[in-house]
Amino acid sequence: MVSFRLSNPTEILFGPGQIAALPELLPADARVLLLYGGGSIKANGVYDAVVAGLAGHAWVEFGGVETNPVYETIATAAELARASRSNFILGVGGGSVIDAAKFLAAIVPITTGDAWDALRTGPAPTNVLPVGAILTLPATGSESNAVSVISHAGRHLKLPFANQAARPRFAILDPTTMKSLSRRQLENGVVDAFTHILEQYLTYPVNAPVQSGFSETLLDVLIEWGPRLIDDNSDEARENVMWVANQALNGLIGAGVPQDWSTHMIGHAITALQGTDHARTLTMVMASVLRSQLDAKLSILARYARRVWKLDIADDRLAAEAGIAATEAFFARMGCPTRTAGLDPVAVVDHIEMAGQFPLGENGTIDADIVRDILRRAAEELA
Ligand code: NZQ
Ligand code: ZN
């Protein structure tokens, strides 16, 4: 195992009705900026429950955070935060809103120069405002991790920013808020969480039986409960998927192990170019990434096929290939595409280049040529 430091200070409140605990979670002197997206929280009652919990505090609201949140919009929210002397950011929504809340908390104190550049290239800011999260869409794990993925409209870039100081102080996960999610968003949530686990699990063998075993358990739960969520949207399915999605990307299964993330970096480029839902960009390319990297990942792919997909195949290569095919079939079962369409490989490579993300992969061996090969496979009917 690689040495690691792990601190996840986000207090999780999980279960129906937990939004009512908001008053006891906010600092007494909190002047709150309530951040939300396109209005789903007004239609499903979450907004009213949150506003009730803000009684007694000075607060302002900023709605309209986009799916794949945009820097320019968050910069406008920062002006409101400064003008209202807000000292606490409360994000209410899916990964986009919570990512935006964390990024906003980091840029409010930056009053000179370009905040995007400061966060990209400068030292990690230490004067980040405290953040709270109320999650309404399980997928990203953003509610208790340090990452914001933000799009810069002017520069046509979609980049991840990591800042430990922006991790939410608390995260409220009420599975009943998921009742109003569309089938498409439920599908997206399941496959995004699934892919987060694979990016941390499907690398090369290290002595990490705790991380590998927990990853396999999380995958088992998604394979059983993902389809049930889509078909029935039952209480049990909502609870199980919401908790898996959190555990998949809160830092635990990735501690001390190599990580890949090439599928995600290619996926972010596809969203920047085509506006595709984040989760669907991942299912478009993941099987092609795995086929391209079959030799490097052979041992773990064979284990994945046997332990997660219960495939009784003695030969490692045949098992690995069958495990990849099973992954693709699961993505298709979840209503997601497993091939790209109309994508310009040159533009994808350019995006990864501009983002400074080459070389990709757990071994740092995925260069522009290999990304082109991955995209060629992903564009073909039979990769
Ligand atoms: O904007 P509103 O009106 O809230 O509607 C949203 C949006 O249209 C809607 N929605 C959310 N909760 C709902 C609901 N509709 C009805 N009922 C509810 N309870 O769902 C739509 C999608 O929401 P969004 O937040 O965009 O989805 P998601 O949670 O999948 O987040 C995607 C973003 O997270 C980033 C992605 O790149 C993308 O920008 N990621 C963040 C990560 C992180 N912080 O660690 C990691 C991920 O890999 C990912 O990159
Ligand atoms: Zn993701």
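Listing for the model above:
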{"item": "Residues that are within 16 Å of ligand 2 (Cβ to nearest atom) and either of a type in the set (D, E) or open to solvent by less than 10 Å² (accessible area, probe 1.4 Å) (or both), drawn from segment 159-185", "result": "L159"}
{"item": "Residues being closer than 18 Å to T195 by Cβ and more than 6 Å from ligand 1 (Cβ to nearest atom) - total across segment 149-158", "result": "1"}
{"item": "Boolean, N240 is within 16 Å of ligand 2 (Cβ to nearest atom) and touching a helix residue (DSSP H, G or I) at 6+ places or on another chain (Cβ under 6 Å)", "result": "no"}
{"item": "Residue count for segment 176-211, restricted to those that are away from ligand 1 (no atom under 11 Å from the Cβ) and free of Cβ contacts under 8 Å to residues at least 40 places away in the same chain", "result": "2"}
{"item": "Matching residues in segment 257-273 - criterion: being out of contact with any His (no Cβ under 8 Å at 6 or more places or on another chain) and either within 12 Å of ligand 2 (Cβ to nearest atom) or open to solvent by less than 10 Å² (accessible area, probe 1.4 Å) (or both)", "result": "W261, S262, T263, H264, M265, I266, I270"}
{"item": "Every residue from segment 1-54 that is free of Cβ contacts under 8 Å to residues at least 40 places away in the same chain, open to solvent by 60 Å² or more (accessible area, probe 1.4 Å) and touching a Leu at 6+ places or on another chain (Cβ under 9 Å)", "result": "P23, A52"}
{"item": "Any chance L229 is open to solvent by less than 10 Å² (accessible area, probe 1.4 Å), in contact (Cβ under 8 Å) with a residue 60 or more places away in the chain and assigned by TED's automatic domain parsing to the domain that holds M354", "result": "no"}
{"item": "Check on D295, more than 14 Å from the chain's Cα centre (by Cα), acidic (D, E), assigned by TED's automatic domain parsing to the domain that holds G213 and away from ligand 2 (no atom under 16 Å from the Cβ)", "result": "yes"}
{"item": "Filtered residues of segment 136-147 (kept if more than 14 Å from H264 (Cβ to Cβ) and either of a type outside the set (G, A, S) or within 14 Å of ligand 2 (Cβ to nearest atom) (or both))", "result": "T136, L137, P138, E143"}
{"item": "Considering residues of segment 286-302 that are within 19 Å of L219 (Cα to Cα) and touching a residue at least 24 places away in the same chain (Cβ under 8 Å) only, the residue surrounded by the fewest Cβ atoms within 10 Å (Cβ to Cβ)", "result": "S299"}
{"item": "Filter pass, T203 being outside any helix (DSSP H, G or I), within 14 Å of the chain's Cα centre (by Cα), under 28 Å from V289 (Cβ atoms) and of a type outside the set (A, V, I, L, M, F, W, C)", "result": "no"}
{"item": "Residue selected from segment 270-284 under the condition farther than 16 Å from A332 by Cβ and not β-branched (V, I, T), by the criterion nearest to ligand 1 (Cβ to nearest atom)", "result": "H278"}
{"item": "Residues (under 26 Å from D117 (Cβ atoms) and surrounded by 14 or more Cβ atoms within 10 Å (Cβ to Cβ)) located in segment 342-366", "result": "A347, V348, V349, D350, H351, I352, M354, A355, Q357, F358, P359, L360"}
{"item": "Among the residues listed as A237, A255, the single one being small (G, A, S), in contact (Cβ under 8 Å) with a residue 40 or more places away in the chain and in the same structural domain as G335 (by TED's automatic domain parsing)", "result": "A255"}
{"item": "Helices (runs of 4 or more DSSP H) (entirely within segment 299-383) containing at least 2 residues that are in the same structural domain as N207 (by TED's automatic domain parsing), under 20 Å from T195 (Cβ atoms) and among the hydroxyl-bearing types (S, T, Y)", "result": "none"}
{"item": "Subset tally (residues that are open to solvent by 10 Å² or more (accessible area, probe 1.4 Å) and under 22 Å from Q274 (Cα atoms)) for segment 140-156", "result": "8"}
{"item": "Hits in segment 67-98 (condition: out of contact with any strand residue (DSSP E or B) (no Cβ under 7 Å at 6 or more places or on another chain) and hydroxyl-bearing (S, T, Y))", "result": "T67, T73, T76, S96"}
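For (1) touching a residue at least 40 places away in the same chain (Cβ under 8 Å); (2) in the same structural domain as R31 (by TED's automatic domain parsing); (3) on the phi < 0 side of the Ramachandran plot; (4) not hydroxyl-bearing (S, T, Y), each residue gets a yes or a no:
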{"position": "A78", "(1), (2), (3), (4)": "no, yes, yes, yes"}
{"position": "S84", "(1), (2), (3), (4)": "yes, yes, yes, no"}
{"position": "S96", "(1), (2), (3), (4)": "yes, yes, yes, no"}
{"position": "A100", "(1), (2), (3), (4)": "yes, yes, yes, yes"}
{"position": "L104", "(1), (2), (3), (4)": "yes, yes, yes, yes"}
{"position": "R120", "(1), (2), (3), (4)": "yes, yes, yes, yes"}
{"position": "E143", "(1), (2), (3), (4)": "yes, yes, yes, yes"}
{"position": "I150", "(1), (2), (3), (4)": "yes, yes, yes, yes"}
{"position": "G154", "(1), (2), (3), (4)": "yes, yes, yes, yes"}
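The values are calculated or read from the model by the stated rules, or taken from the named source; none is laboratory data. All of these numbers come straight from a predicted model, not from anything done at the bench. Counting neighbours? That spans all protein chains shown, and the Cβs are built from the backbone with ideal geometry, glycine included. Side chains included, ligands, DNA and RNA excluded: accessible areas come from the protein's heavy atoms. Shrake-Rupley method; radii C 1.70, N 1.55, O 1.52, S 1.80 Å.
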